[in-house]
Amino acid sequence: MALPASARILRADNGAETTPGELMQVCERVFVWTLDMRRRMVGRPVARVIHSGRLEVFRLRLASGRELEATGNQPFMTLDGSIPLAAMTTGQRLAVPRRVPEPLDASGMVDPELILLAHMIGDGSCVKHQPIRYASIDEESLAAVSAAARHFGVTAIRDDYPAARVITLRLPAPFRLTHGKRNPIAAWLDGLGLFGLRSYEKFVPPRVFALPYEKVGLFLRHLWATDGHVSWDARSEIGRVYYSSTSRRLIDDVAQLLLRFGVLSRIKRVQKEGYRDGWHLHIYGAENQLRFLRHIGVHGAKDTAAEALISKLEVVQRNTNLDTIPISVWTNVRAALVETAMTQRKFAVAMNTSYCGSAMWKRSPSRGRVHRAAVVLEDRYLHDLATNDVFWDEIVEITSIGQQDVYDVAIDGGDNVIAQGIVAHSG
């Protein structure tokens, strides 16, 4: 394994990400998420971190928008085994998590703080030497922020700007500010590392990643009320569900939190002349969108659109080609047919498909189809492939970015880590 010091590795104990550089400096035992032999997520301790020297580093980019920097000898998990990056090409598929469990040491956060945090990340302003503000046109969101501010002893002051078609809440300190005495909301945001940040610098604080399932859902529900989008595209007859931001790190963080619910997403760059690049985090596919809407949802006025979209998605035909297993899985199926002495024709009948000779083997099958094959053939390996915690993403670009110091992270009892949303083999 050879990753740069800045690579973000997913911890299992507190749910946050850490880097090889940070792991070299900690003394306590750190647990990280790793995939076991059946490709299921388990928490295992870091054994050691070793500086591997200075080597050429490449940027790996996947169809989902995930990116990771690694050396050419860094191996990644494919269906056909571990393959180093230098031997991989565009179009090949490798493993990424499709689900991330709750942290082993989950901790809480009171609802008013969580609600205010979500709205301040999305539509709030807390730059230095200016009043703390929140802007929205959604009365339910304005009410939620006003109620959450009272948790800090702050009474929101409402400013209506009809010309701007937006309402602003100022969140002033409940006392006179003197030396050493700060606005309690400013002090709280500072403790989370968010005070003074511009929109393109924002991120989800580590404390949120330590939260249990329900609390993460509450945070995402209120975050989506800010810069989230939910609608039905009548022309294309598909749902549109995405979150937008000028902060790439925030988009990566939200994508990571969505995996708590098994919700898969894709990151797309949005470019407009004269403006800073933006990012859209798309939740795609009817089944995936329904999982988001049912288990997370959207706070406020956008909830009406969310309910309407659920009605549409419940009757639309599902596209199973969005979540497939690499085509080489058919090699395992054919081997199982030989072992069980079942003909391909009988297999096709058992699978409720028409027999078309070799046509079946020419496309990557859906997880559902592989699961049916596992039942027909009573094959545990195929069953695991259809039910494990892996999504098979596709490489779209590999680019050399020069030399960097790189590190090897060894795991006690495991051979891989989750680095920036990608399964990377470890030493």
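Quick note: the coordinates plus some simple rules give every number you see, no bench work behind them. Just so we're clear, the structure is a prediction, and the values are computed from it rather than from any experiment. Ideal geometry is used to build each Cβ from the backbone, glycine not excepted, and the neighbour counts take in all protein chains shown.
By how many degrees, 0 to 90 and rounded to 10, does the Cα axis of helix 286-295 deviate from the longest principal axis of the chain? Taking the Cα atoms of the chain, the angle to 286-295 is about 40 degrees.
Relative contact order for the range 322-387: 39 percent, from Cα pairs under 8 Å spaced at least 6 residues apart, divided by residue count. Electrostatic bookkeeping for TRP224 treats Lys and Arg as +1 and Asp and Glu as -1; over the other residues with beta carbon under 11 Å from its beta carbon, the sum is 0. Note on the chain: Cα Rg divided by 2.2 N^0.38 Å, N the number of residues, gives 1.08. Output the relative contact order of the chain, whole-number percent, from Cα pairs under 8 angstrom with separation of 6+ residues. About 28 percent, as a whole number.
Just check the range 53-109 against the gyration tensor rule for me: Cα atoms, a ≥ b ≥ c as the square roots of the eigenvalues, rounded for a/c under 1.5, and otherwise prolate or oblate depending on whether a/b exceeds b/c. Prolate, since a/c reaches 1.5 and a/b exceeds b/c.
With a Cα cut-off of under 24 Å and a minimum spacing of 8 residues unless on different chains, the lysine pairs in the chain number 10.
Please work out whether the range 1-74 counts as rounded, prolate or oblate from its C-alpha gyration tensor, where a ≥ b ≥ c are the square roots of the eigenvalues and a/c under 1.5 means rounded, while otherwise a/b larger than b/c means prolate and anything else oblate? Verdict is oblate for the range 1-74.
Backbone geometry of the range 188-194 corresponds, through the Karplus equation with coefficients 6.51, -1.76 and 1.60 at θ = phi - 60°, to 3J(HN,Hα) couplings of 5, 5, 5, x, 8, x, 9 Hz, x marking Gly and Pro. Taking a label point 7 Å from the Cα of VAL127 along the Cα→Cβ vector, which residues of the range 181-210 have an amide N closer than 18 Å to it? The answer is 186, 190, 194-203, whose backbone nitrogens lie closer than 18 Å to the label point.
On full extension, the segment bounded by ALA335 and ASN321 gains 2.6 nm, given 0.36 nm per residue less the C-alpha separation. With 10 Å bins beginning at zero, the pair-distance distribution over Cα atoms of the range 111-201 amounts to 17, 54, 27, 3 %.
Against the longest principal axis of the chain, how steep is helix 213-227, in degrees 0 to 90 to the nearest 10, with axes from Cα atoms? Roughly 70 degrees between the two axes. Which residue, ILE325, ILE121, ILE50, has the most motion in a Gaussian network model of the chain that connects Cα atoms within less than 10 Å? Largest GNM mean-square fluctuation: ILE50.
Against the empirical curve 2.2 N^0.38 Å, the C-alpha radius of gyration of the range 207-319 lands at a ratio of 1.05.
The H on the amide N of ASN319, modeled in the peptide plane, is under 5 Å from the matching H of ALA286, GLU287, each at least 5 residues off or on a different chain.
Decide, for the range 265-306, between rounded, prolate and oblate: order the square roots of the alpha carbon gyration tensor eigenvalues as a ≥ b ≥ c, take rounded if a/c falls under 1.5, and otherwise choose prolate if a/b is larger than b/c, else oblate. Verdict is oblate for the range 265-306. In this label model, GLU237 and ARG61 are separated by 3.3 nm, measuring between points 7 Å along each Cα→Cβ vector. Seen against the Cα atoms of the chain and their longest principal axis, helix 367-377 is set at about 40 degrees.
For the chain, the 222 nm mean residue ellipticity estimated from helices alone, with every DSSP H stretch of n ≥ 4 adding -39500 (n - 2.57) and the total spread over all residues, rounds to -8500 deg cm²/dmol. Please work out, to two decimal places, the log10 of the ratio I(q)/I(0) at q = 0.19, 0.26, 0.29 Å⁻¹ from a Debye calculation in which every Cα of the range 322-387 carries one identical scatterer. The Cα Debye sum returns log10 ratios of -0.65, -1.31, -1.62. Could you give the distance between the Cα centres of the range 154-174 and the range 23-37, to the whole Å? If you average the Cα positions of each part, the centres end up 45 Å apart.
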